[in-house]
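The values are calculated or read from the model by the stated rules, or taken from the named source; none is laboratory data. These numbers come from a predicted model, not from an experiment. Methodologically, a virtual Cβ is constructed for each residue, glycine included, from the backbone with ideal geometry; neighbour enumeration extends over all protein chains shown. All accessible areas refer to the heavy atoms of the entire protein, side chains included, with ligands and DNA or RNA removed. Shrake-Rupley method; radii C 1.70, N 1.55, O 1.52, S 1.80 Å.
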Amino acid sequence: MIKKILIVDDEEMIREMQKRYLEDYGYQCFLAGSYDEALILIGQQSIDLALLDINMPGQSGIELLKETKKRFPDIVIIMLTAVDDFNLAEQCLDLGADDYIIKPFSLSRVLVSVKNALEKQRLFLAQHSYQEDLESQLAKKVEKLKASQAMLIQQEKLAAIGQLAAGVAHEINNPVGYISGNLSSANKYLSKLIGYFQQLDEIHKQLPENLKLQIKANKKKFKVDLVMEDLADLFAESLEGTDRIKTIVHGLKSFSRTDSEEPESVDINECIQDALTIVQNEIKYNIKLEQNLGKLPSIIGYHQQLAQVFMNLLVNASHAIEQEGVIKIKSYLSDEIIIVTVTDNGCGIPEENLKKIFDPFYTTKEPGKGTGLGMSITSEIIQKHGGELAVQSTVGQGTEFTISLPTMFFGKTETDPISRGIDI
Ligand SMILES: Nc1ncnc2c1ncn2[C@@H]1O[C@H](COP(=O)(O)OP(=O)(O)O)[C@@H](O)[C@H]1O
Ligand SMILES: [Mg+2]
């Protein structure tokens, strides 16, 4: 690119002479005879270098040097003066001038000074941009590192909660086992008692009238019929309750099991079921949950991580629904790809935020409710399994996340992407 030089001197002849000479060497020159003219040109043209005469009527070259450096610190400045004064030269250099030439001068001296100063400027700018580049790369790495660190902490927290849950599940398992066993036995005994009372009723029919009346009164007094009927309901409900506890405990146990180092055979529908068991309590009563899980082949991967993906999506969907709503989870196989969709008819996500939701720490929830890490962890787990995560959303209508997982990912790739860890 042609370099632009501004020549400032109150003597027109000197200006013209320098211009002709420098233009022969391929520079584009602009001329100014005063402080004001010079500042206008500097503002209008992107001047690379200025040759400033110190002694000018009105404001001197020193003033111009100060002002130019203040407004355009990158411009290279060479001072020209008729006075051979060391202090003045030193002052100019201190103010940011690059060179100081004493009149009368040879034009070749000016040319050498111009070339040197421009080369110095080129090197300075190159170094500056290199440094900026390095700094921005460093800042990006630091950001990425912070995000990975936060994700690791979150994962670790989840793992710790998982372990705790596994411990609790184990502890609950035994008492629930015998409560459920005892309830079953007691229920069977109740059937026997009911049978026995029915037989007694038959016998009572043959008794004399006064005894029959007495028995009837006692039955009424102790509400025997009602108790019998209610007992059967109580047992049925309690058994249903213990069955539910058993399912939750089973879900907790399989959800909180830590994945082994090596990927294993995983049933995606099982991961979904585990996630559903865990989030069922989180999902509000006003939300209807519809599942439509198709027949799927097993894939190779990490059960607990994949269950976490569905848990994150289901929890987000339930948070998105303010009043009544429906969350649908569907799985099916399409061309050897497992597809899972999680759809809600909640608040939706504005178009401009759709990309941001995968950024670590991006949350629209109040502190304590959201960490902003769910979606970034989710997308990372899906990527690690060679899959894709897509989102479609309409504000006010709802959101649909679609996960596509290849069935043969770990079998086909040479390097194991999971063992690579987080790439920073
Ligand atoms: N199903 C959804 N409906 C509406 N917004 C959602 C949904 N899923 C995610 N989001 C948006 O994406 C943000 C990031 O989600 P996430 O990473 O899970 O963090 P968090 O749930 O902790 O806020 C949420 O705060 C929310 O704004
Ligand atoms: Mg979330």
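Could you look through region 342-357, keep only residues that are open to solvent by less than 50 Å² (accessible area, probe 1.4 Å) and part of a helix (DSSP H, G or I), and pick out the one that is farthest from ligand 2 (Cβ to nearest atom)?
The qualifying residue farthest from ligand 2 (Cβ to nearest atom) is N353.
Exactly one condition in (1) more than 12 Å from D9 (Cα to Cα); (2) not in a helix (DSSP H, G or I) is false for M56; which is it?
Only one criterion in (1) more than 12 Å from D9 (Cα to Cα); (2) not in a helix (DSSP H, G or I) is unmet by M56, namely (1).
Of all residues in region 297-308, which are surrounded by fewer than 19 Cβ atoms within 10 Å (Cβ to Cβ) and in a strand (DSSP E or B)?
Selection gives I300 alone.
Could you please give the count of residues in region 309-341 that are assigned to a strand (DSSP E or B) and under 19 Å from G294 (Cα atoms)?
Matching residues across region 309-341 total 13.
Please list, ordered by first then second residue, the pairs with beta carbon atoms under 7 Å, 6 or more apart or interchain, first in region 195-206 and part of a helix (DSSP H, G or I), second of a type outside the set (D, E) and surrounded by 10 or more Cβ atoms within 10 Å (Cβ to Cβ).
From residues that are part of a helix (DSSP H, G or I), the pairs are F197/M228; H204/K212; H204/I215.
Restricting to region 168-187, what's the tally of residues that are open to solvent by 30 Å² or more (accessible area, probe 1.4 Å), in contact with a Leu (Cβ under 9 Å, 6 or more places away or on another chain) and polar (S, T, N, Q)?
So the answer is 2.
Looking at region 242-265, can you tell me whether even one residue there is assigned to a strand (DSSP E or B) and either open to solvent by 80 Å² or more (accessible area, probe 1.4 Å) or touching a Gly at 6+ places or on another chain (Cβ under 9 Å) (or both)?
As a first pass, look at region 242-265 and keep what is assigned to a strand (DSSP E or B): 264-265.
Restricting the remaining residues to those that are either open to solvent by 80 Å² or more (accessible area, probe 1.4 Å) or touching a Gly at 6+ places or on another chain (Cβ under 9 Å) (or both) gives 264-265.
Yes, region 242-265 has at least one match.
Would you check if S404 is in the same structural domain as C271 (by TED's automatic domain parsing) and within 12 Å of ligand 2 (Cβ to nearest atom)?
No.
Pick from region 2-48 the residues that are part of a loop (DSSP other than H, G, I, E, B) and touching a residue at least 60 places away in the same chain (Cβ under 8 Å): which of them is least open to solvent (accessible area, probe 1.4 Å)?
If we take residues in region 2-48 being part of a loop (DSSP other than H, G, I, E, B) and touching a residue at least 60 places away in the same chain (Cβ under 8 Å), then D9 is least open to solvent (accessible area, probe 1.4 Å).
For residues in region 282-296 being under 22 Å from V249 (Cα atoms) and within 16 Å of ligand 2 (Cβ to nearest atom), which is least open to solvent (accessible area, probe 1.4 Å)?
The extreme case among them is I283.
Give the residues of region 362-387 that are near ligand 2 (Cβ under 8 Å from one of its atoms) and either out of contact with any Lys or Arg (no Cβ under 9 Å at 6 or more places or on another chain) or not assigned by TED's automatic domain parsing to the domain that holds L314 (or both), sorted by residue number.
Within region 362-387, K365, G370, L373, G374, M375 qualify.
Does region 96-121 hold any residues that are open to solvent by less than 60 Å² (accessible area, probe 1.4 Å), within 16 Å of I47 (Cα to Cα), not assigned by TED's automatic domain parsing to the domain that holds F72 and not small (G, A, S), and which are they?
Answer for region 96-121, where residues must be open to solvent by less than 60 Å² (accessible area, probe 1.4 Å), within 16 Å of I47 (Cα to Cα), not assigned by TED's automatic domain parsing to the domain that holds F72 and not small (G, A, S): V114, L118, Q121.
Of everything in region 360-382 that's touching a strand residue (DSSP E or B) at 6+ places or on another chain (Cβ under 8 Å) and outside any loop (DSSP other than H, G, I, E, B), which residue is farthest from M151 (Cα to Cα)?
Per the criteria, the residue is I382.
Kindly establish whether A217 is in a helix (DSSP H, G or I) and either exposed (fewer than 14 other Cβ atoms within 10 Å of the Cβ) or of a type outside the set (A, V, I, L, M, F, W, C) (or both).
yes
Taking region 122-139, which residues are surrounded by 11 or more Cβ atoms within 10 Å (Cβ to Cβ) and either among the charged types (D, E, K, R) or without any contact (Cβ under 8 Å) to a residue 24 or more places away in the chain (or both)?
R122, F124, H128, listed by residue number.
Mind checking which residues of region 359-378 are more than 6 Å from ligand 1 (Cβ to nearest atom) and more than 8 Å from the chain's Cα centre (by Cα)?
E366, P367, G368, K369, T378, listed by residue number.
Since K284 meets every condition but one in (1) of a type outside the set (F, W, Y); (2) within 27 Å of K369 (Cβ to Cβ); (3) in contact with a Ser or Thr (Cβ under 7 Å, 6 or more places away or on another chain); (4) part of a helix (DSSP H, G or I), which condition does it not meet?
(4)
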